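The values are calculated or read from the model by the stated rules, or taken from the named source; none is laboratory data. Bear in mind that the values here come from a model prediction, so they are computed numbers and not experimental data. Every residue, glycine among them, receives a Cβ derived from its backbone with ideal geometry; neighbour counts consider all protein chains shown.
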Amino acid sequence: MKKLLTVSLLGLAVAAASSAQARDYDNVRIGVDVPYEPMEYRTAEGELTGFDIDLGNALCERIGVTCEWVEQEWDGIIPGLMSRNYDAIMSSMTINDERRQQVLFSDPYITMPSAWFAPSSLGISEANEETLAGKTIGVQRGTLQDNYVTDNFSSVAEISRYSTADDMVLDMEAQRLDIVFLDFPIGQSTLLESEEAEYVVVGERISEPKEYFGDGFGIAFRQRDEALAEQFNEALAELQEDGTYDEIYARYFGEE
Amino acid sequence: MHGYKNVTTPALGGSDMLDISAWFNDLLADNLIFTPTTRGYYWEGLVTTTQLVFLSLVAGLILAVPLAIMRSSKHKWISLPVYLYTYVFRGTPLLIQLYIIYYGVAFIDGIQETFLWPVLREAFYPALIAFTLNTAAYTTEIFRGAIKATSKGEIEAARAYGMSQNLMMRRTILPSAFRRALPAYGNEVIFMLHASAIASVVTLMDLTGAARFVYARFYAPFDAFLFVAAIYLCLTFAILYFFRFLEKKLLDHLRPQNS
């Protein structure tokens with residue numbers, strides 16, 4: 001046991017020494033918060049799939065590295081990158097200034113609005129301070145939706161924060177939540193297509209102000225891994241050029 | 001709040017309370033994380049954690065006394081159901097019990113229409129129920145052990161006085177058993193405080209929930225978690241000293257006499 005400890009401490013020291021330099025990767029570990037349908041989720045057979053997963057694998061293939069997906073709950077996903085549990089995050093992460101201070105983003109690979117979802121029985125057509133007064137709002141902890149709702153509605157409404165989008169949908173079905181705020185396609189595939197109850201989108205899809213809603217989804221890297229980010233950017237441009245990107249997009253969002 | 005910033009620092013020992021709050025505000029002035037909002041969350045968390053732990057301990061204690069007496073009964077049909085209860089609740093993780101009571105119960109058909117729903121709808125009460133049932137199970141076993149360990153001499157003395165079974169339980173066995181159980185029960189109280197950290201998985205804003213919020217929003221694990229760790233430490237020490245004080249009072253007769 002003692003020996004093991006010494007060896008692992010030595011390993012840590014070596015890792016710390018080498019981590020000061022950016023290095024070349026043969027194997028890129030990518031952190032992802034599952035499930036977040038249709039961006040990342042598991043099929044009935046337990047296989048990891050989704051837009052992020054397919055695009056990520058295609059990018060890795062183009063770069064010529066192997067990809068390994070590491071599952072991590074959302075609220076610890078950036079600290080996990082910092083502590084080297086994985087080398088990149090590809091998990092529907094919106095690019096914004098707050099996060100830019102922590103991580104290095106690739107070019108945006110998709111843009112996606114947020115939206116309010118509620119049971120049709122709630123009977124409001126727009127979400128604002130008056131209609132949400134006294135309501136219970138569900139958000140996923142640490143998301144930009146959490147920040148937006150916390151800063152704008154915490155004085156009038158109650159906010160319930162969940163570790164996973166799944167728990168939130170469960171509580172929505174259990175009628176503990178009046179309304180939830182999340183990425184539009186995720187609400188579309190988990191709530192609008194739900195058989196439990198009838199849900200509707202309340203108001204317009206929201207992607208302003210930029211301060212909260214940022215510039216689309218990006219792949220996050222550690223600040224010093226500029227070379228790796230550059231490789232991903234080049235590969236992304238190539239995939240968008242040769243039609244692979246459109247093919248993957250159509251697989252999850254239909255033709256547009 | 002920022003008005004204090006320009007006040008010249010008075011000499012140490014100034015009697016004005018404002019000095020301290022001015023000093024405090026100065027300390028936090030350039031801080032991004034401990035803003036009035038997050039301090040509000042931490043305070044809310046402290047209140048929730050204290051309420052949850054205190055209420056579940058009181059309710060658990062009230063439940064545990066009769067259960068412990070039943071558990072030490074000679075009759076199988078009285079002791080067995082209690083044994084099953086403590087076996088199940090001590091044999092499964094508290095987190096699982098909380099998930100079942102919070103998420104599971106909500107999916108019982110028609111529960112939303114019953115009078116129970118307004119209570120079960122809030123995250124607080126399912127958590128309180130889970131914590132109460134859990135601590136009651138452990139406390140029952142602690143008391144039962146203490147009841148079992150009552151010395152023969154005490155029971156024989158009570159019988160010699162002609163006490164009935166009930167009177168003997170009330171006047172002899174329980175008072176002496178509670179004293180013996182005190183150190184073990186003190187540990188259970190501390191365990192309960194620490195176990196309450198899981199309350200944030202059901203959306204409760206307890207101390208850990210506040211820390212997780214700050215952690216997720218500012219990506220600052222050290223600031224967020226070290227601060228709550230310090231609060232938990234303070235609470236633990238308060239509990240520790242309270243029980244040390246009780247033990248000193250109640251177990252005085254067990255200490256060796258000074259000659």
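On the stretch given as the stretch A:130-143, residues that are more than 12 Å from chain B (Cβ to nearest Cβ) and out of contact with any helix residue (DSSP H, G or I) (no Cβ under 7 Å at 6 or more places or on another chain) total 5.
Results for (1) touching a residue at least 12 places away in the same chain (Cβ under 8 Å); (2) closer than 17 Å to residue A:37 by Cα; (3) not assigned by TED's automatic domain parsing to the domain that holds residue A:140, shown as yes or no for each residue.
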site: A:191; (1), (2), (3): yes, yes, no
site: A:225; (1), (2), (3): yes, no, yes
site: A:233; (1), (2), (3): yes, no, yes
site: A:240; (1), (2), (3): no, no, yes
site: A:244; (1), (2), (3): yes, no, yes
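I'd like to know if the stretch A:95-109 contains one or more residues that are more than 14 Å from every other protein chain (Cβ to nearest Cβ) and within 12 Å of the chain's Cα centre (by Cα). Yes: the stretch A:95-109 contains one or more residues that are more than 14 Å from every other protein chain (Cβ to nearest Cβ) and within 12 Å of the chain's Cα centre (by Cα). Inspection of the stretch B:201-209 finds no residue satisfying the criterion of being more than 30 Å from residue A:169 (Cβ to Cβ), surrounded by fewer than 23 Cβ atoms within 10 Å (Cβ to Cβ), in contact with a Leu (Cβ under 9 Å, 6 or more places away or on another chain) and β-branched (Val, Ile, Thr).
Residue count for the stretch B:181-199, restricted to those that are buried (at least 20 other Cβ atoms within 10 Å of the Cβ) and more than 17 Å from residue B:134 (Cα to Cα): 1. If you filter the stretch B:215-259 down to residues that are under 30 Å from residue B:178 (Cα atoms) and among the hydroxyl-bearing types (Ser, Thr, Tyr), you find that the one that is surrounded by the most Cβ atoms within 10 Å (Cβ to Cβ) is B:232. In this structure, is residue A:139 crowded, with 22+ Cβ neighbours inside 10 Å, outside the structural domain of residue A:234 (by TED's automatic domain parsing) and part of a helix (DSSP H, G or I)? Considered against the rule, which asks whether it is crowded, with 22+ Cβ neighbours inside 10 Å, outside the structural domain of residue A:234 (by TED's automatic domain parsing) and part of a helix (DSSP H, G or I), residue A:139 comes out as no. The residue that is nearest to the other protein chains (Cβ to nearest Cβ), counting only those in the stretch A:164-201 that are crowded, with 21+ Cβ neighbours inside 10 Å and in contact with an Asp or Glu (Cβ under 6 Å, 6 or more places away or on another chain), is A:177. For the stretch A:144-158, a residue qualifies if it is surrounded by 19 or more Cβ atoms within 10 Å (Cβ to Cβ) and more than 8 Å from chain B (Cβ to nearest Cβ), and the qualifying residues are A:144, A:145, A:149, A:153, A:157. Among the residues of the stretch A:67-90, just one is away from chain B (no Cβ under 14 Å) and of a type in the set (Gly, Ala, Ser), namely A:88. Listed by position, the helices (runs of 4 or more DSSP H) inside the stretch B:145-244 whose residues that are touching a residue at least 60 places away in the same chain (Cβ under 8 Å), more than 21 Å from the chain's Cα centre (by Cα) and within 14 Å of another protein chain (Cβ to nearest Cβ) number at least 1 are B:207-218. The set of residues from the stretch B:1-46 being modelled with pLDDT of 70 or more and among the acidic types (Asp, Glu) comprises B:19, B:26, B:44. Summed over the stretch A:107-147, the residues that are touching a strand residue (DSSP E or B) at 6+ places or on another chain (Cβ under 7 Å) and closer than 24 Å to residue B:215 by Cα give a count of 10. Residue by residue through the stretch A:207-221, note down the ones that are touching a helix residue (DSSP H, G or I) at 6+ places or on another chain (Cβ under 7 Å) and surrounded by fewer than 22 Cβ atoms within 10 Å (Cβ to Cβ). Residues satisfying the conditions are A:207, A:212, A:213. Within the stretch A:68-94, can you find the residues that are more than 15 Å from the chain's Cα centre (by Cα) and surrounded by fewer than 19 Cβ atoms within 10 Å (Cβ to Cβ)? The answer is A:68, A:82, A:83, A:84, A:85.
Out of A:54, A:33, one residue alone is surrounded by 21 or more Cβ atoms within 10 Å (Cβ to Cβ), in contact (Cβ under 8 Å) with a residue 60 or more places away in the chain and within 15 Å of the chain's Cα centre (by Cα). It is A:33.
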